[in-house]
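The values are calculated or read from the model by the stated rules, or taken from the named source; none is laboratory data. Here the structure is a predicted model, which is why all the values come from computation and not from measurement. Reconstructed Cβ throughout: ideal geometry from the backbone, glycine too, with neighbour counts over all protein chains shown. Side chains are part of the model used for accessible areas, which takes the heavy atoms of the whole protein and leaves out ligands, DNA and RNA. Shrake-Rupley method; radii C 1.70, N 1.55, O 1.52, S 1.80 Å.
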Amino acid sequence: MDWETFVGHHRQRGWFANAARQERLASTFLMVGPSGIGKRTFARLVAKSLLCTRYEPTEFATCGACEACVQIEAGTHPDLIEIKREKDKSNLSMEQLVGSDESRMREGLCYEIRMRPYSGRRKIAIVDDVDTLAVEGANSLLKTLEEPPPGALIFLIGTSEQRQLRTIRSRSQIVRFAPLDQDELALLIQRHGLADNSADALRLAQQSHGSLQLAAEVRDESMSEFRALLIESLDSKPIDFPRLSKSITAHLDSVAPDGQARRDQLKWVLDIAIDLYRESMRYRLGIASVLDTAIHPTPSEGVTSRNLQRLAPETLGALIQRTQQAREQVDRNVSPAALVEAWVTEVTGISRA
Ligand SMILES: [Zn+2]
């Protein structure tokens, strides 16, 4: 991956290029934004731009061919330390940060980053999924963030600012990443072979909220079945309250047993609702003359009711607002089960009014 083929996040790229040119890079960056939009790839590209031997770090470019570039691509560059939460663990482990019990502080990221850089340039660390950093882990990392080795650069990657401990947040420069726009995502969908042609890619992009990870998941049959069922429930009158909350909970249970994945899924559910309400609003206000079938499945796909488009714009506005609030609460550690229950109760009430 090089900047030429990297998709999206132009403002962030410009910002880093500028900071590198002026040699004013902070030592710790907290990169936040939804999963599956390219934050980790972005961090690796920044690392590559600073370690590529064909260019000066101030030029902020990658050649893709020097030993450093090749090693970074292969994950073997001695000055780039990458850790991420292991699949079967719920947290980043202490071993990854400060070494195992037997060799505490003689292994792990906090130790390695203090070593002299092989390249003579700098040590760079990428820590993926800091959302899952437990207090003990955060405390050991904090010592490194407080007194960073000269020139060292640490990228912490998470999904939202609210999910990070205040101590970590206050020692980081925060870089926010937005979901990819639909054209960017459609391009990536095609490149990753998730759609055969550009029309299918765009349609999938419209349902995937700017995330390549979601696009891959949405293609799954059970996901699209659930999505159609959800839309049908939200669009029916009256809303079958027990059925709706049960189907959402069952969906979360089946695809996302673990905390972070569960929150991601819940956000996806709420995003579907927000899209649905927005599209109905556009139709109701005459901005759109037909309902977008990427958002509203056509009746032949099993949806017969079309009640949302008959609601008053104020009612649709209230539904959008309440659903956005629920979405924000997902990041504030509100239990997904309680959140689903409260949200379903309220949208049912608002829709009925
Ligand atoms: Zn290079």
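Here are the numbers for the structure shown:
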read-out: Given charges at Cβ of Lys, Arg, Asp, Glu: the chain dipole, positive-most of 214, 33, 172; value: 172
read-out: Centre separation in Å (Cα based) which lies between the stretch 13-77 and the stretch 142-177; value: 17
read-out: Size of charge dipole - the stretch 65-132 - debye, nearest 20, with Cβ of Lys, Arg +1 and Asp, Glu -1, no other charges; value: 340
read-out: Sequence of 77, 192 when ordered by accessible area, the most exposed leading, probe 1.4 angstrom; value: 192, 77
read-out: Test item: Cα-centred dipole of the stretch 179-232, Lys/Arg +1 and Asp/Glu -1 on Cβ, debye; value: 80
read-out: Net lengthening on full extension, residue 197/residue 309 (0.36 nm per residue, minus Cα-Cα); value: 37.2 nm
read-out: Long pairs among 89/246; 48/89; 84/123; 89/143, criterion Cα-Cα beyond 21 Å; value: 89/246; 48/89; 89/143
read-out: Percent RCO, i.e. relative contact order, over the chain, from Cα pairs under 8 Å lying at least 6 residues apart; value: 16
read-out: Whole-Å semi-axes of the ellipsoid equivalent to the chain (Cα gyration tensor, √5λ, descending); value: 42, 23, 17
read-out: Ranked order, 94, 115, 31 - accessible area, probe 1.4 Å, largest first; value: 115, 94, 31
read-out: Probe 1.4 Å, accessible area per residue of the chain, Å²; value: 48
read-out: Three-way shape label, the stretch 1-96, alpha-carbon gyration tensor, a/c 1.5; value: prolate
read-out: Share of pairwise Cα separations in the stretch 108-222, more than 17 Å, in percent; value: 64
read-out: Probe 1.4 Å - accessible area at residue 222, Å² to nearest ten; value: 70
read-out: Surrounding net charge for residue 64, when Lys and Arg each add one and Asp and Glu each subtract one, Cβ distance under 11 Å; value: -1
read-out: Selected from 47, 199, 142, residue furthest toward positive end of dipole (the chain; charges at beta carbon); value: 142
read-out: Unit charges on C-beta of K, R, D, E only; dipole of the chain, Debye; value: 940
read-out: Net length gained if the chain between residue 3 and residue 73 were fully extended (0.36 nm per residue, minus Cα distance); value: 23.9 nm
read-out: Accessible area (Å², 1.4 Å probe, nearest 10) - residue 181; value: 80
read-out: In Å², nearest 10: area of residue 159 left accessible to a 1.4 Å probe; value: 20
read-out: Euclidean distance between Cα centres, the stretch 192-240 to the stretch 319-353, Å; value: 21
read-out: In Hz, Karplus ³J(HN,Hα) per residue of the stretch 265-278 (6.51, -1.76, 1.60; θ = phi - 60°; x = Gly, Pro); value: 5, 5, 4, 4, 4, 5, 5, 4, 5, 4, 4, 5, 5, 5
read-out: Exposure ranking of 104, 21 by accessible area [1.4 Å probe, largest first]; value: 21, 104
